[in-house]
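Only one structure is covered here, and it is reproduced in the block below.
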Amino acid sequence: MTYATELPAWAALLISLLLLLGSGLAFIGAIGLLRLKNFYERVHAPTLGATLGMGCVLMASMLFFTLLQSRLVIHELLIAALVVVTTPVTLMLLTRAALYRDRIEGNDTVPPPPTGKHQ
Amino acid sequence: MKRILPHPLLALVLLIAWLLLVGSISPGAVLLGCLLAIGGALALASLAPPRLRLRRLALLPGLLRDVLVEVVRSNNAVARIILQPAAKTVRHSGFVRIPLDMRAPYGLAALACILTATPGTVWVDYDAADGTMLLHVLDLSDEAEWVRIVKERWERRLMEIFE
């Protein structure tokens with residue numbers, strides 16, 4: 001990280017703040033995994049790191065490499081797009097699996113399946 | 001035209017993704033990207049996905065801005081919930097079943113992405129037969145309020161774009 005000294009002070013400060021904020025959010029998400037009470041609550045916690053946390057770290061990365069190489073480095077946008085599109089799939093799989101298990105076990109804290117016209 | 005390039009929008013997105021990846025717009029990169037984009041579009045055509053219909057794209061920038069604002073706001077809210085001392089929590093979480101009027105598959109996918117990208121809400125299940133969606137909310141105080149938020153803030157505008 002010796003290259004970092006070539007950055008102007010304002011950029012170094014901004015990039016550090018973004019990195020701290022992003023990794024802080026990911027850390028808070030990890031604390032949430034420990035502190036929240038049940039599975040459905042815990043599933044919310046890691047989304048902190050996957051949304052704004054990821055955004056801050058990627059913005060820091062784009063700023064850092066764009067300024068250092070004096071050309072536009074924005075391939076981080078791809079990471080953002082792919083994470084946004086794929087996290088719902090994982091979260092849905094996890095929560096639906098938990099919901100299915102709770103319904104089979106007759107756990108009454110979860111809502112019953114919809115009593116739609118199709119049943 | 002349809003036979004040569006079945007999914008022009010997807011091909012364009014693939015080309016942009018390729019150019020972002022290689023980080024250059026030299027003729028060689030563009031040529032290879034075009035080949036990959038056309039190949040990808042042809043491969044998708046053989047899967048026969050439902051047709052994407054986009055109306056009123058002018059609404060998209062406003063929607064993206066609102067999503068970004070909401071992402072920042074809800075990150076802050078969930079971080080506070082996690083860090084607050086356990087002793088004085090009166091918060092309770094729970095499920096809300098929300099009746100949706102939207103049937104467009106890509107619109108529903110976009111709604112799922114928006115709700116997941118805003119911490120504090122997780123899309124759990126969608127029942128295609130009666131068109132209801134099950135949402136889990138971390139800080140649930142008023143169920144009717146959440147039905148209103150999802151329907152008025154997101155679903156109405158997504159329907160204008162996708163249906």
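The values are calculated or read from the model by the stated rules, or taken from the named source; none is laboratory data. The structure displayed is predicted, hence computed values, not measured ones. Note that each Cβ is placed from the backbone with ideal geometry, even for glycine, and that neighbours are counted across all protein chains shown.
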Practice item. Please find, among A:Leu48, A:Leu52, A:Leu14, A:Leu91, the residue that is in contact with a Ser or Thr (Cβ under 7 Å, 6 or more places away or on another chain), part of a helix (DSSP H, G or I), surrounded by 15 or more Cβ atoms within 10 Å (Cβ to Cβ) and not small (Gly, Ala, Ser). Key: A:Leu91
Check your understanding: Of the conditions (1) facing another protein chain (nearest Cβ under 7 Å); (2) of a type outside the set (A, V, I, L, M, F, W, C); (3) farther than 30 Å from A:Thr5 by Cβ, A:Lys37 fails just one. Which one is it?
Key -> (1)
Review point. Considering only residues of segment B:114-130 that are buried (at least 17 other Cβ atoms within 10 Å of the Cβ) and of a type in the set (A, V, I, L, M, F, W, C), which is nearest to A:Gly53 (Cα to Cα)?
Key: B:Ala117
Revision key, fill the gap. Flagged in segment A:94-113 as surrounded by 13 or more Cβ atoms within 10 Å (Cβ to Cβ) and outside any helix (DSSP H, G or I), in numbering order, are A:Val110, A:Pro111, A:Pro113
Check your understanding: Can you find even one residue in segment A:69-85 that is within 11 Å of chain B (Cβ to nearest Cβ), in a helix (DSSP H, G or I) and more than 21 Å from B:Ala117 (Cα to Cα)?
Key -> yes
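Can you name the helices (runs of 4 or more DSSP H) wholly within segment B:46-163 that have at least 1 residues being touching a helix residue (DSSP H, G or I) at 6+ places or on another chain (Cβ under 7 Å), within 14 Å of chain A (Cβ to nearest Cβ) and in contact (Cβ under 8 Å) with a residue 60 or more places away in the chain?
Working: elements: B:60-83, B:105-117, B:143-148, B:156-162.
The qualifying helices (runs of 4 or more DSSP H) are B:60-83.
Would you mind finding the one in B:Gly28, B:Gly33 that is at pLDDT 85 or above, assigned to a helix (DSSP H, G or I) and surrounded by 14 or more Cβ atoms within 10 Å (Cβ to Cβ)?
Numbers: B:Gly28 fails: surrounded by 14 or more Cβ atoms within 10 Å (Cβ to Cβ).
Going through B:Gly28, B:Gly33 in turn, just one is at pLDDT 85 or above, assigned to a helix (DSSP H, G or I) and surrounded by 14 or more Cβ atoms within 10 Å (Cβ to Cβ): B:Gly33.
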